[in-house]
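Engineer: Got a structure for you, questions after.
The values are calculated or read from the model by the stated rules, or taken from the named source; none is laboratory data. Quick caveat: nothing in here was measured; it's all calculated off a predicted structure. In this analysis, Cβ positions are derived from the backbone assuming ideal geometry, glycine residues included, and neighbour counts consider all displayed protein chains. These accessible areas exclude ligands, DNA and RNA; they are computed on the full protein's heavy atoms, side chains included. Shrake-Rupley method; radii C 1.70, N 1.55, O 1.52, S 1.80 Å.
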Amino acid sequence: MILLQSHSRFLLQTLLNRVQNVDKGVELDYQWVEFDDVRYHVQVSTKNPHIVLLSLSLPIPPPETDFPGGLPSGAIEAIKVSYGVVVQILDPPRDGFNLTLKLNLLKLPPDEDYKQSLLVKIASVREIVLGAPLRMVLKRLGSRMMIPNGNQLIALVHRPKEAFFVIPQVEKVIVVYPMRFSDSIDTVLATSFLQEFVEARRTSGLNNAPSCSWSSTPPLELKKVPPEALSANAGFVSFVIFPRHVDGRKLDRTVWSLLTFHAYVSYHVKCSEGFMHTRMRRRVESMIQALDRAKPDGEKAKRSPNSRSFKRLSLREARTNSNS
């Protein structure tokens, strides 16, 4: 199984190149889209080559999510804590984007290792922004604090117009995903994949992993959710997170894994589909080769000048030949 990286590789490479060539007055204007419809825009002008403008467009949130000011709750505080004086939040953001950050490369720390880690964190802006509300819930769980408004359901966006649900409790947090796929083949493969995923969790080597369950109908924790938010054609997956799953450095990995679980499943479904297509093409090619070998040799089929041929004669022609 392959886990997706939390940072944008293209954004990290762009920032590293910019830092190495900060003295060169090179203008940059890059736009690209990554999975789950997250768009990036990087701009650098020749007048201020040490200033990088980074804009981020998030997936369109469904009505059941809380998106104050166009950002998840707690996103602004998470950005300030993570980046400090290196990054300034521009208000309002650029047109068509939810967030615009102003990066001052001259304020990067001189230590190379710390500078590299900070650039990686900047390239992980997607995780910091979208994962802010989930991180707050899991931090409270890890500190064994009583969560306010216990059992209150929280809807978090992770795909365009789609959300997953977090139910915080005193000693655990339940995370539920309605799994939706637009392609019928992807739906069948994803359903089989998720059922095997749950079975694999029961093996002895994964006793410390979060417990996982799959059902074709919504679990009881989602009884207060509007029906239109529960239109899942590949069932529902539930994880139960305990404090041991968010201790120390495990918190970042848990937040990112939960935030991108649907993308993780989609990736492996597409890989499985591509593998099956490759196997089928190879099988067809081998069958075509077998049929080609069964055909008579074209050169042998041609008649040579000395070869004889036979013609079936009618009864009248046979009598005429015998009399002659």
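Engineer: Being in contact (Cβ under 8 Å) with a residue 40 or more places away in the chain, over 19 Å from Leu58 (Cα atoms) and in a loop (DSSP other than H, G, I, E, B) is the filter here, so list the residues in the stretch 89-139 that pass it.
Structural biologist: Across the stretch 89-139, the qualifying residue is only Leu108.
Engineer: Are any of the residues in the stretch 76-88 over 30 Å from Lys224 (Cβ atoms), small (Gly, Ala, Ser) and surrounded by 13 or more Cβ atoms within 10 Å (Cβ to Cβ)?
Structural biologist: Yes.
Engineer: Got a number for residues in the stretch 235-265 being within 14 Å of Phe164 (Cα to Cα) and in contact with an Asp or Glu (Cβ under 9 Å, 6 or more places away or on another chain)?
Structural biologist: Count: 7.
Engineer: Cβ-Cβ under 8 Å, sequence separation 6+ or interchain: first residue in the stretch 174-192 and under 7 Å from Ala234 (Cβ atoms), partner among the aromatic types (Phe, Trp, Tyr). Which pairs?
Structural biologist: These pairs meet every condition: Met179/Phe236; Thr187/Phe181; Ala190/Phe181.
Residues checked against (1) at pLDDT 90 or above; (2) in contact with a strand residue (DSSP E or B) (Cβ under 6 Å, 6 or more places away or on another chain):
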position: Ser216; (1), (2): yes, no
position: Pro226; (1), (2): no, no
position: Val240; (1), (2): yes, yes
position: Thr254; (1), (2): yes, no
position: Val265; (1), (2): yes, no
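Engineer: Would you check which residues across the stretch 54-70 are closer than 14 Å to Phe97 by Cα, touching a strand residue (DSSP E or B) at 6+ places or on another chain (Cβ under 6 Å), open to solvent by less than 30 Å² (accessible area, probe 1.4 Å) and not hydroxyl-bearing (Ser, Thr, Tyr) and list them?
Structural biologist: Passing the criteria: Leu54, Leu56, Pro59.
Engineer: When the residues of the stretch 236-246 are narrowed to those that are over 21 Å from Pro61 (Cα atoms) and β-branched (Val, Ile, Thr), which ends up most open to solvent (accessible area, probe 1.4 Å)?
Structural biologist: Checked the stretch 236-246; the qualifying residue most open to solvent (accessible area, probe 1.4 Å) is Val240.
Engineer: Another question, if that's okay. Report yes if Asp95 is farther than 22 Å from Val22 by Cβ, open to solvent by 90 Å² or more (accessible area, probe 1.4 Å) and of a type outside the set (A, V, I, L, M), otherwise no. Can you show your working first?
Structural biologist: Numbers: farther than 22 Å from Val22 by Cβ: yes; open to solvent by 90 Å² or more (accessible area, probe 1.4 Å): yes; of a type outside the set (A, V, I, L, M): yes.
So Asp95 fits the description; yes.
Engineer: Cβ-Cβ below 8 Å, separation at least six or inter-chain, first residue in the stretch 222-241 and within 16 Å of Leu258 (Cβ to Cβ), second aromatic (Phe, Trp, Tyr) and open to solvent by 30 Å² or more (accessible area, probe 1.4 Å): which pairs?
Structural biologist: Phe236/Trp214; Val237/Phe197; Val237/Trp214; Ser238/Trp214
Engineer: Name the residues in the stretch 20-53 that are of a type in the set (D, E, K, R), surrounded by fewer than 19 Cβ atoms within 10 Å (Cβ to Cβ) and within 13 Å of Ser8 (Cβ to Cβ), would you?
Structural biologist: Glu34, Arg39 - these are the residues of the stretch 20-53 that are of a type in the set (D, E, K, R), surrounded by fewer than 19 Cβ atoms within 10 Å (Cβ to Cβ) and within 13 Å of Ser8 (Cβ to Cβ).
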